Amino acid sequence: MTEFIQALEAFPFLRLALGAGLLASVSCGVVGTFVVTRRMTVVAGSLAHSVLGGIGAAHYLHVVRGWTWLHPLHGALFAALLAAMIIGWVRDRGREREDTVISALWAVGMATGVLFLFRTPGYQADLMTYLFGNIVVVDPGELRLLVGVDVIVLAVVVAFWNPLLAVSYDEEFARLRGVNVPAVTTLLLALTGLAIVTLVAMVGVVMVIALVTLPAATAGRFTRRLSHTMVAAVILTALLTTGGLALSFQADLPTGATTIMLTASVYALAHLVSAGRDRVRRRRP
Amino acid sequence: MSAPCIVRADALGHAYDGPSVLQDVTFELCEGDFAAVVGPNGGGKSTLARIIVGLITPRRGRVEVFGSSPRRASLDIGYMPQHTSLDPLFPITAGEVVLMGRLGRGSRLGPWGSRDRDVATAALRDVGLPDIAERRLDELSGGQRRRVLLARALATEPRLLVLDEPTAGLDPSVQDEFYALLRELNRNLTILMVSHDTSLVSRSVTRVFCVNGTLAEHCLTEVPDDWRELFYGPRQVRLVRHDHDHTHDHDHGHDHGAGSSSHD
């Protein structure tokens, strides 16, 4: 650990990666809790993969067309919000089967990203970067973007907490009480897209879903309120991204994959502890 | 003077993707009624309840609640869904569930106001659970969870209470307590309750609607003690005598299941 702390002082890219992980923890912990409790994991997976289309397009325009102001994460944000609106619309009034559309967005987003990156010089390295994450691509501009996303996510969740909780727990009852359920659902999907984008650079689109859902699922086993689950999930995600970064640096391993393995290990451990606790409770007279 | 009509259904019919679930359902529910909707599984009981609260728009016929469409009237209806439709592992406390009843009545944005919290506390007290607001829902017994959902419906400050199978899966003694609570609430509230259990229901309600595709109202009549003993032993049960109104009674063969009331 001392070696990692010294490296943090020596290497700016490590500090940027640490900052990105901590900032991403806020929105991912908050939104991931909704994703888990509303059982939207597959939807979140589709959103995560569809952002590759936006990343690819933005990267292409940046490199080939000279749109230097356009960051790949801008494209990711656009793609995530577009996919969220499409899924929200299909859930509300589409005649297509929802899972079919979710799968289609998943694949079409990936295909779009691959095609754009194929036409962009340096395609091979960039594709791997966005699929599996690369902490070196984190830059100060991205940190500012992450701060903005966190502020938006927190403000929206605090303001709309009551309808968000009601729609997550009992959608029908919320509708009867005058809550605009399709609008709240689309809002939640959009927040999920934003949260996913914050982690894409670090762990990549393929693995980001684990870091959005597993900390929240772990925290949910030991908390009694959704708000407490969120706070615990934020702290846990911060520890896991920092731990993954430190472990990968020490062992010279890819940060994204290391972080995901650490996250999955903690989830499995929590599952065992929680199952044991439940067994003890059941045995009590 | 008769009590004002709260719910008026006229030639109501509904089908999902297949054959009709409900057809030609006509009835009125008046202020102060405590009506049970009974019938076999798949007979359309829950569909009827969901039409009345505005969750389903019927394909045929007309339904009015408080003189307007169910959707417009939905804020005046306290609805308790079947408990199986809710995630039992959702991390939420009893108090938070009850406060959901304040949606549409209380604060739109931000935290709940003090009046909302007062109403939710009173609702929990009314259902006999004044001290469980901070308990996680999955730590409560089945009967307590139903009472929490009932408290949520009461927190809406309703004029009509619609309950969908509120006692399904509960022990008979817990069901008895629940129905006693509903009788208390019926002093100030009109109640429509879907139930598969006619034996316990019939002790509590003032009207029985039997639904199996269509609807027939049954009159409640005490059955002689020797009959009661014969069918149910010493347990106190009031049986329902079924006098079908044959105007709406096409293809109305039904079975209320073992242990339910007898059909005279």
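The values are calculated or read from the model by the stated rules, or taken from the named source; none is laboratory data. In this text the structure is predicted, and so the values were computed from the model without any measurement. We place every Cβ from the backbone using ideal geometry, glycine too, and count neighbours over all the protein chains shown. Side chains are part of the model used for accessible areas, which takes the heavy atoms of the whole protein and leaves out ligands, DNA and RNA. Shrake-Rupley method; radii C 1.70, N 1.55, O 1.52, S 1.80 Å.
Please report the accessible area of A:D139 (heavy atoms, 1.4 Å probe, ligands and nucleic acids excluded) in Å², nearest 10.
In the full protein context, A:D139 sits at about 50 Å².
Could you tell me which of A:L245, A:L164, A:P12 has its Cα farthest along the dipole of the stretch A:2-277 towards the positive end, charges placed at Cβ (Lys, Arg +1; Asp, Glu -1), taken about the Cα centre?
Farthest along the dipole direction, towards plus: A:L164.
Can you figure out the FRET efficiency of A:R65 with A:A183, using R₀ = 41 Å and their beta-carbon distance, to the nearest 0.05?
Working: r = 36 Å, r/R0 = 0.87.
After rounding, the FRET efficiency stands at 0.70.
Could you check the spin-label model distance between A:V273 and B:D76? Points 7 Å from the Cα along Cα→Cβ, value in nm.
The two pseudo-label positions are separated by 5.3 nm.
Taking θ as phi - 60°, what are the ³J(HN,Hα) couplings along the stretch B:50-55 by the Karplus curve (6.51, -1.76, 1.60), each to the nearest whole Hz, with x for Gly and Pro?
These are the phi-based 3J(HN,Hα) values: 5, 5, 5, 7, x, 7 Hz.
Using a 1.4 Å probe on the protein chains only, how many percent of the accessible area of the protein assembly as shown belongs to carbon and sulfur?
Details: 14100 of 24250 Å².
Carbon and sulfur: 58 percent of the exposed surface of the protein assembly as shown.
If you take the charge dipole of the protein assembly as shown about its Cα centre, with +1 on Lys and Arg Cβ and -1 on Asp and Glu Cβ, which of B:A168, B:A73, A:V43 is farthest toward its positive end?
So the residue furthest toward the plus end is A:V43.
Would you work out the charge dipole size for chain A about its Cα centre, treating the Cβ of every Lys and Arg as +1 and the Cβ of every Asp and Glu as -1, and quote it to the nearest 20 debye? All intermediate terms of the calculation are to be shown ahead of the outcome.
Values: 21 positive and 15 negative charges, 239 e Å.
It comes to approximately 1140 debye.
Restricting to Cα pairs below 8 Å that are 6+ residues apart, what does the relative contact order work out to for chain A? Please round to a whole percent. Write down the numbers at each step before the final one.
Values: 448 pairs, mean separation 86.1, N = 285.
In percent, rounded to a whole number, it is 30.
In Å², nearest 100, what accessible area do chains A and B bury in total when the solvent probe is 1.4 Å?
Working: alone 14250 and 12820 Å², together 24250 Å².
Protein heavy atoms only, the A-B interface buries about 2800 Å².
Hey, in the GNM for chain A with a 10 angstrom Cα cutoff, which one of A:A80, A:A257, A:A233 fluctuates hardest?
A:A257
Run the simple label-point estimate for A:A104 and B:E184 please: 7 Å along Cα→C-beta, distance reported in nm.
About 5.5 nm separates the two model spin labels.
What percent antiparallel are the DSSP beta bridges of the protein assembly as shown, to the nearest 5? It would help to have the intermediate numbers written out before the result.
Details: 19 of 36 bridges.
Looking only at bridges with both residues in the protein assembly as shown, the antiparallel portion is about 55 percent.
What does the convex hull of the Cα atoms of the stretch A:2-277 come to per residue, in Å³, rounded to a whole number? Walk me through the intermediate numbers first.
On the way: hull volume 36.7 nm³, N = 276.
Cα-based convex hull of the stretch A:2-277, divided per residue, equals 133 Å³.
Using amide H atoms built in the peptide plane, which far-off residues or other-chain residues are under 5 Å from B:I6 H to H?
Amide H to amide H, under 5 Å and 5 or more residues apart or across chains, B:I6 pairs with B:L29, B:C30, B:E31.
If you scale each eigenvalue of the Cα gyration tensor by 5 and take the root, what three semi-axes come out for the protein assembly as shown, rounded to whole angstrom and sorted largest first? Intermediate results must be reported in sequence, preceding the final value.
Values: eigenvalues 583, 131, 76 Å².
Ellipsoid semi-axes (Å, largest first): 54, 26, 19.
Name the trypsin sites (Lys or Arg not before Pro) in the stretch A:119-210 that are in a loop by DSSP and that have at most 16 other C-beta atoms within 10 Å, would you?
Working: sites: A:R119, A:R144, A:R175, A:R177; in loops: A:R119, A:R177.
Counting only loop positions with at most 16 other Cβ atoms within 10 Å, the trypsin sites (Lys or Arg not before Pro) in the stretch A:119-210 are A:R119.
Dipole of the stretch B:1-145, Cα-centred, from +1 at each Lys and Arg C-beta and -1 at each Asp and Glu C-beta, to the nearest 20 debye?
Numbers: 17 positive and 17 negative charges, 78 e Å.
Around 380 debye, computed over the stretch B:1-145.
Taking each full run of DSSP H in chain A as one helix, which ones are at least 27 Å long along their axis (Cα atoms) and have mean Kyte-Doolittle hydropathy of at least 1.0? Walk me through the intermediate numbers first.
Working: long enough: A:12-37 (37 Å, 1.65); A:41-63 (33 Å, 1.09); A:72-93 (32 Å, 1.05); A:98-118 (30 Å, 1.45); A:140-159 (29 Å, 1.94); A:181-220 (31 Å, 2.17); A:226-251 (36 Å, 1.44); A:255-283 (42 Å, 0.13).
Qualifying helices: A:12-37, A:41-63, A:72-93, A:98-118, A:140-159, A:181-220, A:226-251.
If R0 is 45 Å, what FRET efficiency do you get for A:E9 and A:M128 from their C-beta distance, rounded to 0.05? All intermediate terms of the calculation are to be shown ahead of the outcome.
On the way: r = 29 Å, r/R0 = 0.64.
After rounding, the FRET efficiency stands at 0.95.
Could you calculate the contour length gain from B:T57 to B:D171, that is, 0.36 nm times the residue separation minus the distance between their Cα atoms, to one decimal place in nm? Working shown, then result.
Values: separation 114, 0.36 × 114 = 41.04 nm, distance 3.42 nm.
Full-extension gain reported as 37.6 nm.
Taking +1 at the Cβ of each Lys and Arg and -1 at the Cβ of each Asp and Glu, which of A:A195, A:V63, A:A217 sits farthest along the dipole of the stretch A:2-277 towards its positive end, judged by Cα position relative to the Cα centre?
A:A217
Quick check for you: with a 1.4 Å probe and neighbouring chains kept, what is the accessible area per residue of the protein assembly as shown, in Å²? Mind showing how you got there, number by number?
Values: 24250 Å² over 549 residues.
Computed with neighbouring chains in place, this is 44 Å² per residue.
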